[in-house]
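**Q** Below is the structure I would like to discuss, written out as structure tokens.
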Amino acid sequence: MNDSSVAQKQLVALKRKLDTAIESRSSLEDDFNLQSNLLIQFISKLTLISKGVDLELDNRLAQLRTLFTKAAPFSDIKEKVAVISKLLQQHSITNEKNISHMHDQFNQAGQSLQKINGLPGNLRRDLRALLTETKDSKDALIQYIPLLSKLLTFYDHALKAKNSTPTKGLLQPPEIITSTSQSSKANDSTTFDSSVLEKISESLSSLPLSTEHTNDLLAIKKKLMADQSSDEILHHLIDIFDVIVADFKDEQHSAKNFLTNLSATLSTVQSAVKETISSQKSSQLINDKINQKLQGQLIEMTDSVKKALSLNQVKEDINDKLQFIASTLEQKSKFEQQSHQQLVNKLNEMSEKVELLENQSQIFEEKLVEQQRKSMQDALTKLANRAAFDEFFAKSMVRFHHKPFQLALVVIDIDDFKKINDSYGHTAGDKTLQVIANTIVKNVGKDVFVGRYGGEEFVLIYAKTQEKELTAELNTLNKYVARLPFKFKSNKVSITLSIGATHIRSDDNIHIAFERADQAMYKAKKQGKNQVIYTK
């Protein structure tokens with residue numbers, strides 16, 4: 001084998017190593033681009049979650065996202081991350097000050113209540129326990145909300161006790177109230193305003209609580225509507241308040257866990273970004289040095305060829321220089337492999353953190369969607385509630401005025417519903433509402449909006465339905481309801497509906513249209529109930 005063949009083979013091997021180095025560099029750049037895209041997605045999600053907390057923070061996050069999108073220099077990214085970190089630190093300091101201020105105000109209010117003479121013994125004990133519980137500052141402002149609710153309840157009880165005492169303006173314990181007061185209280189309980197209870201019951205039906213607490217609330221609500229004593233009613237109201245607070249605490253705990261994990265993940269990503277930026281700078285410097293060394297060796301080899309006096313001398317110089325170049329390329333390849341592996345490890349670590357955060361974020365989003373759904377649903381009948389009707393009708397009116405179509409509104413009222421409540425109790429009334437709601441849904445078209453407007457009133461919204469078709473369907477519904485076999489306390493009861501309907505006109509707004517349908521429903525009642533009145 002001659003010297004020329006050896007040199008040729010070494011050149012081929014050298015080219016192969018150069019190709020490997022180029023491919024390794026390309027793979028490194030692809031991984032870096034993947035990491036950048038992952039960071040952009042994470043920053044976008046972080047922007048959505050923190051939106052509205054602080055305008056400057058929103059803007060800075062948007063700028064950081066833009067820098068990653070445009071593949072800006074690491075120095076610019078590092079500077080922006082530092083600014084965002086400083087903003088988050090400022091928010092943390094402000095939050096701590098607010099918590100401290102709230103803690104002081106809460107304890108001052110509690111101590112002021114303690115100084116009032118004549119507080120009932122049980123109230124004073126509960127207040128002392130509350131102040132002991134809040135002796136140490138809480139971790140978040142949201143934790144003070146249920147405590148403030150308790151304190152307000154204590155103030156309310158203190159004011160009621162003070163107003164009910166007949167002696168020298170001092171609060172009097174319940175155990176020494178005179179028989180006259182008790183008699184008066186008993187009289188008050190028999191004349192408790194039922195309309196107030198109806199309003200409370202209506203408000204409770206619209207509360208978007210979890211399934212567990214909704215069932216608890218419905219059970220207490222039935223007791224509330226059944227009892228007449230003021231004491232019993234007040235106890236039920238306190239129980240209702242406790243259920244609401246318990247549901248709030250559950251949601252608070254869930255939100256706190258999510259935000260804690262978000263903060264931890266953000267810190268990890270921020271640290272990873274800093275380490276990656278530093279590592280990339282260091283890698284770039286080392287890579288530049290290797291490239292300079294390689295370039296110098298190639299120049300040196302060229303100069304040797306030019307200065308050589310004989311072919312043998314050229315061969316010897318080239319062989320020596322190629323050995324050095326091959327060694328340098330091998331060093332370069334090993335270094336790039338190490339850098340690539342480090343980047344892959346960082347990327348995998350960040351991917352795991354972001355994936356965990358995404359899973360938790362999805363759970364949190366599902367809860368928010370569920371809360372939104374419940375806020376638009378009537379708890380008793382499972383129909384859309386008043387808020388859902390207002391939103392749907394408003395959107396329908398916008399579409400109608402943009403491009404007119406057959407849009408009809410129907411108002412339904414159960415005839416003599418108050419008699420059912422008075423004669424057979426509110427449980428019977430609730431059951432009646434549920435049966436009527438299910439009957440309406442089953443006997444109207446699938447594209448008809450059905451909602452409970454309040455009390456014993458229901459609303460329907462029809463689209464693309466003519467007057468004859470509309471009145472025919474409503475009359476069929478009315479006849480079907482009248483034939484339902486209601487039975488309360490062994491008594492068969494016939495329940496009927498008064499229905500008012502109208503089509504929307506070009507000069508209508510939401511209020512005018514509803515008023516016209518409502519008046520049609522009242523006209524049906526005045527003309528004998530159990531009928532459908534259509535008005536144009």
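The values are calculated or read from the model by the stated rules, or taken from the named source; none is laboratory data. If you're wondering where the values come from, they're calculated on a predicted model, not measured in any experiment. Note: ideal-geometry Cβ built from the backbone for every residue, glycine included; neighbour counts use all protein chains shown.
Listed here are the residues, each with its yes/no results for (1) under 32 Å from the mean Cα position of the chain (by Cα); (2) touching a residue at least 40 places away in the same chain (Cβ under 8 Å).
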{"position": "Ala387", "(1), (2)": "yes, yes"}
{"position": "Val398", "(1), (2)": "yes, no"}
{"position": "His402", "(1), (2)": "no, no"}
{"position": "Val410", "(1), (2)": "no, yes"}
{"position": "Asp415", "(1), (2)": "no, yes"}
{"position": "Lys418", "(1), (2)": "no, no"}
{"position": "Ser423", "(1), (2)": "no, yes"}
{"position": "His426", "(1), (2)": "no, yes"}
{"position": "Lys431", "(1), (2)": "no, no"}
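**Q** Every residue in segment 516-536 that is more than 21 Å from Ala428 (Cβ to Cβ), of a type in the set (Lys, Arg) and not in a helix (DSSP H, G or I), please.
**A** From segment 516-536, those more than 21 Å from Ala428 (Cβ to Cβ) are 516-528, 531-536; that's our starting set.
Restricting the remaining residues to those that are of a type in the set (Lys, Arg) gives 516, 523, 525-526, 536.
Scanning segment 516-536 gives a single hit, Lys536.
**Q** Give the residues of segment 486-503 that are more than 15 Å from Ile414 (Cα to Cα) and at pLDDT below 95, sorted by residue number.
**A** Result: Lys487, Phe488, Lys489, Ser490, Asn491, Lys492.
**Q** Condition first: assigned to a helix (DSSP H, G or I) and out of contact with any Leu (no Cβ under 8 Å at 6 or more places or on another chain). Now tell me which residues in segment 483-515 satisfy that.
**A** The answer is Ile510, His511, Ile512, Glu515.
**Q** With the requirement that a residue be part of a helix (DSSP H, G or I) and under 29 Å from Thr432 (Cα atoms), what does segment 395-419 give you?
**A** Listed by number, the residues that qualify are Phe417, Lys418, Lys419.
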